[in-house]
Every structure is written in structure tokens, then in C-alpha cells.
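Encoded as C-alpha cells, the structure appears first; notes follow it.
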């Protein structure tokens, strides 16, 4: 198992269901559209996500969560800091996403 990246999203109050679905679909599509600059192949091992099933006032309006898996810290860092496809995704999501919370971890490393 590789390094995991979790991002949780809250959407702006005026975001429509269609806009929210578009952001979710686009984020999931990054698995195939983000291509490693050296191999010219997709480098995200897996992305999954969904809507929160237990809404609570302590969650800072977070409604959706996504988990991505990468082979290495280097791949994850490229994704977060350099990948132009990932950057373009966030440029398009700015007007719809209100807040993000993100964490990364290696399973079993504490």
C-alpha cells in the first residue's frame, strides 16, 4: 500500500448540486488525467470519495471526502505542488469549494 492523501471539502452555500457533482467528477477523473512527467503515464494509484453520511456541526461544514493513493511521497508532492492538471482542477473549483482540509499518511506508520 502506498502513501495516502485525504482531502475533505466544504462547498460554498450557493453552489448548486450540479456544480458540486462537477467538482466531484473532476476530482475523481484526476486518477487518469494526471500524468507523470517522466513516464507519461497516470501515477495516481487510486482515488475514491463520497458524501459524508454523518453530518455534524463540529465538522466545519465538510460534506465530501476523497482518498487518493500514491506509490511514493515524491509522487504525492508532485501532485500537490507541481502537476498542472491538478492545479487547473483547483483553479476551476475555486468558485465552488469553500474550504479544504487535507492530511497525508503512510498506513501503519504512527
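All of the numbers you see were taken from the coordinates with simple rules; none came from a lab. This structure is a prediction, so every number in the text was calculated from the model and none was measured. With ideal geometry, Cβ positions are generated from the backbone for all residues, glycine too; neighbour counts draw on all protein chains shown.
Here are the numbers:
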| item | result |
| --- | --- |
| Qualifying position, being more than 21 Å from residue 88 (Cβ to Cβ), under 17 Å from the mean Cα position of the chain (by Cα) and touching a residue at least 60 places away in the same chain (Cβ under 8 Å), among 23, 62, 51, 67 | 67 |
| Residue within region 8-20 that is closer than 20 Å to residue 79 by Cα, surrounded by 12 or more Cβ atoms within 10 Å (Cβ to Cβ) and without any contact (Cβ under 8 Å) to a residue 24 or more places away in the chain present | no |
| Scope region 39-64; condition over 20 Å from residue 2 (Cβ atoms) and surrounded by 13 or more Cβ atoms within 10 Å (Cβ to Cβ); matching residues | 52, 59, 61, 62, 63, 64 |
| Enumeration of residues in region 70-84 that are surrounded by 13 or more Cβ atoms within 10 Å (Cβ to Cβ) and either touching a strand residue (DSSP E or B) at 6+ places or on another chain (Cβ under 6 Å) or outside any loop (DSSP other than H, G, I, E, B) (or both) | 70, 75, 76, 77, 78, 79, 80 |
| Sole residue being out of contact with any helix residue (DSSP H, G or I) (no Cβ under 7 Å at 6 or more places or on another chain), loosely packed, with under 12 Cβ neighbours inside 10 Å and part of a strand (DSSP E or B), chosen from 103, 67 | 103 |
| Positions within region 26-48 being in contact with a helix residue (DSSP H, G or I) (Cβ under 6 Å, 6 or more places away or on another chain) and without any contact (Cβ under 8 Å) to a residue 24 or more places away in the chain, in sequence order | 42, 47 |
| Near pairs, Cβ below 7 angstrom, 6+ apart or cross-chain, from region 97-110 (in contact (Cβ under 8 Å) with a residue 12 or more places away in the chain) to any residue that is exposed (fewer than 11 other Cβ atoms within 10 Å of the Cβ) | 107/1 |
